[in-house]
Amino acid sequence: MENFYISTAISYTNGPPHMGHAYEVIAADVIARFNRLNGKRVFFLTGTDEHGLKVQQKAEALKIKPEELAYDMSQTFIKMSKELNCSNDDFIRTSEERHKKAVNDIWLKMEENGDIYLGEYSGWYSVVDEAFYQESELKKNEKDEYISPNNNNVEWVDEKSYFFKLSNYEDKLLDLYKKNEDFIQPRSRLNEIRNFVKNGLNDISISRKGLEWGIKVPNDSEHSIYVWVDALTNYISALNWPDEKCDKFKSFWPADIHLIGKDITRFHAVYWPAFLFSAGIEIPKKVFAHGFILNKGEKMSKSLGNIEDPMELINSFGVDQLRYFLMRETIFGNDGNYSDELLINRVNSDLSNDLGNLSQRCLSMVNKHCNSKVPEKNSLKIVDQELLDLLEIKVNDILEMMDNYQINSYIEEVFNIVSLTNKYFSDQKPWELKNNDLMRMNSVLWVTVEMIRKISIMLQPVMPESCKRLLDILCVKDDQRTFDFIEDKFSLISGKSIKEPVIIFPKIKYKK
Ligand code: MSP
């Protein structure tokens, strides 16, 4: 069995999860589930990034200990993953011992390799971004103060600091991007990163003095390790690195994909591979930077008061409805918009009207007129065979789309097939045939339920619960729901019982 490792970014615990976090973990879950159904052994990791000034300062403001805040917030992230029906195999918290050990060891490896030295950092730091900036990277706000490229406050820092010799890795990184042009996706991000590296890399500060809430630098407790060195290491600490005997690391590293948001591409596509080169560890196969979920075109932020709570949306609209909308609406890799109206329109048209209506109409007829049994196939006409063949011909291309992380195109293609099946059903009018040609009615219903079976198998990664309900109605065995079973030779057998249909995608009413 081929192994497949996918990770999300780990979220800061200075506040509860929002739509951006939900978007990322849903996308990762869709990819993880897809790969499992495609016969791979998957390790899907998500977690929380708990150390650093950002969390420390938030805890101070709340007059609680950072560990308390980190614990409480990590629980809200765990809850969100569960409620979103995410199938992560592990959830790493950077305050765990297994993680701290790995961070300590990766530091020692980089030091052994001569890439860490003590110096003096004079420059800007943004606590919100947890990032050091050169003056040339900063912008100015309306008060003529410097702000970070992400519009966050920066402060001047003058302190002793450990540095990592990033400048040593310029050529190696450029070579990596050249040899493996898919290392960073989408392509636009590769170009950005390549230009950044081509402009010359400076050594980076990798410790903070006075940071209480962090992992101490080995043999120098005055300094804490920079939160990004700490955080990035989660991708291997969760595999029990540096325990060389550990099967998990051997089986799953290098990761197939680090799925992250576009704002943190540099950390993943420049710093992380450089740290790994230095520590003598293989680098991940791919960094995929998705876009941002915006609220009516604007970035979600607390100050604008336009943050959507994913838990509330699940309660209002349903988990699969939210998953479907987020994955279908936006080209994966681009920014996308969220609004209740957009979601309702999408859900009502695609899920209630198309897939829901098709399955409800067809399965009700089967229930009523075929005695709740898979209809007789009888002899098929060209029009029947054409519909069945269409999916058979297209299926590999559609599956390949998901292998290339074109999530929205995958869904779109499956829904084109849903539309064609709907058209077939309307054209063949089985409800009229029931009075004069029962054999033909049976054939039309057989073709339609068979198409519903295949469509449901294909949509499982996106809407696991609803597809499970559809496949349960069709009495498809649990071990016959992987992509191998899309093939015609596993078609539904006439005469086998199926269950009474229930409405899976009720229409949502728009409330202002
Ligand atoms: N802790 C770092 C990541 C360390 S990974 C080794 C971090 N945390 S975060 O909580 O700010 O963001 C977590 C993920 O959510 C990031 O990939 C980020 O890009 C993503 N998103 C945050 N807001 C987002 C949107 N509005 N839309 C989509 N994703 C966005 O960065």
- Message: Given a 1.4 Å probe and heavy atoms of the protein chains only, how would you sort LEU326, LEU420, largest accessible area at the top?
- Response: LEU420, LEU326
- Message: Using the basic label-point model (7 angstrom from Cα toward the beta carbon), what is the CYS246 to ASN151 distance in nanometres?
- Response: 4.0 nm
- Message: Residue by residue through segment 277-289, what is 3J(HN,Hα) from phi via Karplus (6.51 cos²θ - 1.76 cosθ + 1.60, θ = phi - 60°)? Round to whole Hz and write x for glycine and proline.
- Response: 4, 5, 7, x, 10, 4, 9, x, 7, 7, 10, 10, 9
- Message: Suppose every Lys and Arg Cβ carries +1 and every Asp and Glu Cβ carries -1, with no other charges. What dipole size does the chain come out with about its Cα centre, to the nearest 20 debye?
- Response: 1780 debye
- For the chain, give the percent of accessible area contributed by carbon and sulfur heavy atoms, probe 1.4 Å, rounded to a whole number. 46 percent
- Rounded Å value of the spacing that divides the Cα centres of segment 430-463 and segment 1-56: 37 Å
- Message: Assuming 0.36 nm per residue, please report the length gained on full extension of the stretch THR482 to SER419 beyond their Cα-Cα distance.
- Response: 20.4 nm
- Task: Sum -39500 (n - 2.57) across every DSSP H segment of at least 4 residues in the chain, then divide by the residue count to get the 222 nm mean residue ellipticity, nearest 500.
- Result: -14000 deg cm²/dmol
- Message: Give me the percent relative contact order of segment 399-512, please, defined on Cα pairs under 8 angstrom at least 6 residues apart.
- Response: 19 percent
- Item | Restricting segment 434-498 to GluC sites (Glu not before Pro) in coil, as DSSP defines it, with at most 15 other Cβ within 10 Å | GLU487
- Listed residue pairs exceeding 29 Å between alpha carbons, taken from LYS394/LYS429; LYS198/LYS262; LYS58/LYS509: LYS58/LYS509
- Considering the options ILE473, GLY123, MET441, tell which one lies farthest towards the positive end of the dipole of the chain, charges being +1 on Lys and Arg and -1 on Asp and Glu at the Cβ, about the Cα centre. MET441
- Any idea what Rg and Dmax come out to for the chain if you just take the C-alpha atoms, in Å? 26.1, 89
- Message: 5 Å is the cut-off here: which amide hydrogens, built 1.01 Å from N in the peptide plane, fall below it relative to HIS223, excluding neighbours closer than 5 in sequence?
- Response: VAL217
- Query: Given N residues in segment 280-358, what is Rg(Cα) / (2.2 N^0.38 Å)?
  - Reply: 1.36
- Note on the structure: Ranking TYR410, VAL227, ILE26 by how far each Cα lies towards the positive end of the charge dipole of the chain (+1 on Lys and Arg Cβ, -1 on Asp and Glu Cβ), the top one is TYR410
- Folded to 0 to 90 degrees: helix 66-83 orientation relative to the chain principal axis, Cα: 20 degrees
- Viscosity 1.567 mPa s, temperature 4 °C, Stokes-Einstein D of segment 340-490 from Kirkwood C-alpha radius, µm²/s: 81 µm²/s
- Column: log10 I(q)/I(0), Debye, Cα scatterers of segment 166-206, q = 0.15, 0.28 Å⁻¹: -0.35, -0.96
- Query: Full extension from GLU97 to ASN113: what is 0.36 nm times the residue separation minus their Cα-Cα distance, to one decimal in nm?
  - Reply: 3.3 nm
- Message: What FRET efficiency comes out for LYS79 versus ASN435 if R0 is 56 angstrom and r is the Cβ-Cβ distance? Round to the nearest 0.05.
- Response: 0.55
- Message: Can you sort ARG481, ARG93, ARG98, ARG469 by solvent-accessible area, 1.4 Å probe, largest first?
- Response: ARG469, ARG98, ARG93, ARG481
- Note on the structure: Taking a ≥ b ≥ c as the square roots of the eigenvalues of the Cα gyration tensor, with a/c under 1.5 meaning rounded and otherwise prolate when a/b exceeds b/c and oblate if not, segment 23-124 is oblate
- Note on the structure: Two pseudo-spin positions, 7 Å from Cα along C-beta at ASN345 and at ASN396, lie apart in nanometres by 3.8 nm
- Note on the structure: Result for the chain: accessible area per residue, probe 1.4 angstrom, in square angstrom, of 44 Å²
- Query: Counting only protein chains, not ligands or nucleic acids, how are MET110, MET311 ordered by accessible area (probe 1.4 Å), most first?
  - Reply: MET311, MET110
- Karplus (6.51, -1.76, 1.60) ³J(HN,Hα), θ = phi - 60°, over segment 38-52, in Hz, Gly and Pro reported as x: 8, x, 9, 8, 10, 10, 10, 10, 9, x, 10, 9, 9, 8, x
- Could you give the nm distance between label points at ASP72 and GLU500, where each point is 7 Å from its Cα heading toward the beta carbon? 4.7 nm
- Query: Across segment 122-136, in residue order, what do the Karplus-derived ³J(HN,Hα) couplings come to in whole Hz, using 6.51 cos²θ - 1.76 cosθ + 1.60 with θ = phi - 60° and x for Gly and Pro?
  - Reply: 10, x, 9, 9, 10, 5, 4, 7, 6, 9, 8, 10, 7, 4, 5
- Note down the relative contact order for the chain as a percent, whole number, built from C-alpha pairs under 8 angstrom at least six residues apart. 16 percent
- Would you grab the residues whose amide H sits under 5 Å from the one on SER11? Only those 5+ places off in sequence or on another chain, please, with H modelled 1.01 Å from N. GLY47, THR48, ASP49
- Task: Name the residues whose placed amide hydrogens come within less than 5 Å of the amide hydrogen of PHE43, ignoring near sequence neighbours (fewer than 5 apart) on the same chain.
- Result: PHE4, TYR5, ILE6
- Task: Provide the solvent-accessible area of LYS140, counting protein heavy atoms only and rolling a 1.4 Å probe, rounded to the nearest 10 Å².
- Result: 100 Å²
- Relative to the present Cα-Cα distance, how much length would full extension add between LEU174 and GLU2 at 0.36 nm per residue of separation? 59.0 nm
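The values are calculated or read from the model by the stated rules, or taken from the named source; none is laboratory data. Keep in mind it's a predicted model, so treat the numbers as computed, not measured. Virtual Cβ from ideal backbone geometry, glycine too; neighbours counted across all protein chains shown. In case anyone asks, the SASA skips ligands and DNA or RNA and just uses the protein heavy atoms, side chains included. Shrake-Rupley method; radii C 1.70, N 1.55, O 1.52, S 1.80 Å.
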